[in-house]
1. For region 149-170, name all the residues that are surrounded by fewer than 17 Cβ atoms within 10 Å (Cβ to Cβ) and part of a strand (DSSP E or B).
2. Has region 37-47 got at least one residue that is outside any loop (DSSP other than H, G, I, E, B), crowded, with 17+ Cβ neighbours inside 10 Å and modelled with pLDDT of 90 or more?
3. Being at pLDDT below 90 and either part of a strand (DSSP E or B) or not charged (D, E, K, R) (or both) is the filter here; which residues of region 62-78 pass it?
4. Out of region 126-139, which residues are surrounded by fewer than 20 Cβ atoms within 10 Å (Cβ to Cβ) and part of a strand (DSSP E or B)?
5. Just to be sure I understand the filter: pairs with C-beta atoms under 8 Å, separated by 6 or more residues or on different chains, first member in region 55-76 and without any contact (Cβ under 8 Å) to a residue 24 or more places away in the chain, second member open to solvent by less than 50 Å² (accessible area, probe 1.4 Å) and not in a loop (DSSP other than H, G, I, E, B). Which pairs pass?
6. Looking at (1) open to solvent by 10 Å² or more (accessible area, probe 1.4 Å); (2) of a type in the set (A, V, I, L, M, F, W, C); (3) farther than 20 Å from Asp63 by Cα, can you tell me which one Ala177 breaks?
7. Can you spot a residue in region 89-107 that is loosely packed, with under 14 Cβ neighbours inside 10 Å, outside any helix (DSSP H, G or I) and in contact with a Lys or Arg (Cβ under 8 Å, 6 or more places away or on another chain)?
8. For Pro29, all conditions in the list (1) at pLDDT 90 or above; (2) open to solvent by 80 Å² or more (accessible area, probe 1.4 Å) hold save one; what is the number of the exception?
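The values are calculated or read from the model by the stated rules, or taken from the named source; none is laboratory data. Since this is a predicted model, take the numbers as computed values, not measurements. All Cβ positions, glycine included, derive from the backbone under ideal geometry; neighbour counts span all protein chains shown. Calculation scope for accessible area: heavy atoms of the full protein, side chains included, ligands and nucleic acids excluded. Shrake-Rupley method; radii C 1.70, N 1.55, O 1.52, S 1.80 Å.
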Amino acid sequence: MSMGDRMPNPTRRHLGLLALLPLAACASPEPRYYRLTARPGPAQGGAAPLIELRRIGLARYLDRSEITRGGGGARVALVSGARWAEPLGEMVTRITAENLRQRLPGSGILAEGSALTAVPEAQAEAEIARLEEDEEGRVVIEAQLAARRLGGNARPVLRSLRETVPLAGTDTEALAAAMSQALALLADALAEMLRRA
């Protein structure tokens, strides 16, 4: 009879549990989830009564569940253990719609894909090429914007946007806050364009 056969069952069970300890130590911790938030801005009047905000386009390297940090040059780093709480493209569109509602109190803002159905009189679009931290510790947003009245022969109002927002700290929460402020600046520009369209 071998020694293993003589070993009582509780001891075997303890050895089995000890064998699992290294695996438990290697398990990755639950990721931390972050979201962007709407920010107040100057209220403006004179825009169309009902405006559709098209889904905001994002550069493919940004539209992912992991949070990225730039830092200059061609390198982009993923923030370990940090994720967006919802798909970034959808969240950017939703937050921009909230920002526009605050800035254009006389207008209804419908985000593309909304459950509400109505016929808008104007449309706003944005394509974000860059929304990241730079080597100087700021969030940079670069985008192409368009606003137009629908119907008739009105020409769209077009604009390039480049803004920077300093980070208030080095953690991921400070990064998300600065990105939220960058989206507020984008909404300021879109609101002004919709008023002129």
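1. Of region 149-170, the ones surrounded by fewer than 17 Cβ atoms within 10 Å (Cβ to Cβ) are 150-156, 158-160, 162, 164, 166, 168-170.
Matches in region 149-170: Leu158, Arg159, Ser160, Arg162, Thr164, Pro166.
2. Our first condition is that a residue be outside any loop (DSSP other than H, G, I, E, B); within region 37-47, this holds for none.
Within region 37-47, none of the residues are outside any loop (DSSP other than H, G, I, E, B), crowded, with 17+ Cβ neighbours inside 10 Å and modelled with pLDDT of 90 or more.
3. Thr68, Arg69, Gly70, Gly71, Gly72, Gly73, Ala74, Val76, Ala77, Leu78
4. Initially, region 126-139 is screened for residues surrounded by fewer than 20 Cβ atoms within 10 Å (Cβ to Cβ), giving 127, 129-130, 134-138.
Within region 126-139, Glu127, Ala129, Arg130, Arg138 meet the criteria.
5. Close Cβ pairs (under 8 Å, with a partner that is open to solvent by less than 50 Å² (accessible area, probe 1.4 Å) and not in a loop (DSSP other than H, G, I, E, B)) amount to Tyr61/Thr68; Ser65/Trp84; Ser65/Leu88; Glu66/Val79; Glu66/Ala82; Glu66/Trp84.
6. Result: Ala177 passes all but (3).
7. In the first step, residues of region 89-107 are kept if they are loosely packed, with under 14 Cβ neighbours inside 10 Å; the result is 105-106.
Subsequent filtering for residues that are outside any helix (DSSP H, G or I) retains 105-106.
Those left that are additionally in contact with a Lys or Arg (Cβ under 8 Å, 6 or more places away or on another chain): none.
Checking region 89-107: not a single residue is loosely packed, with under 14 Cβ neighbours inside 10 Å, outside any helix (DSSP H, G or I) and in contact with a Lys or Arg (Cβ under 8 Å, 6 or more places away or on another chain).
8. With respect to (1) at pLDDT 90 or above; (2) open to solvent by 80 Å² or more (accessible area, probe 1.4 Å), Pro29 is out only on (1).
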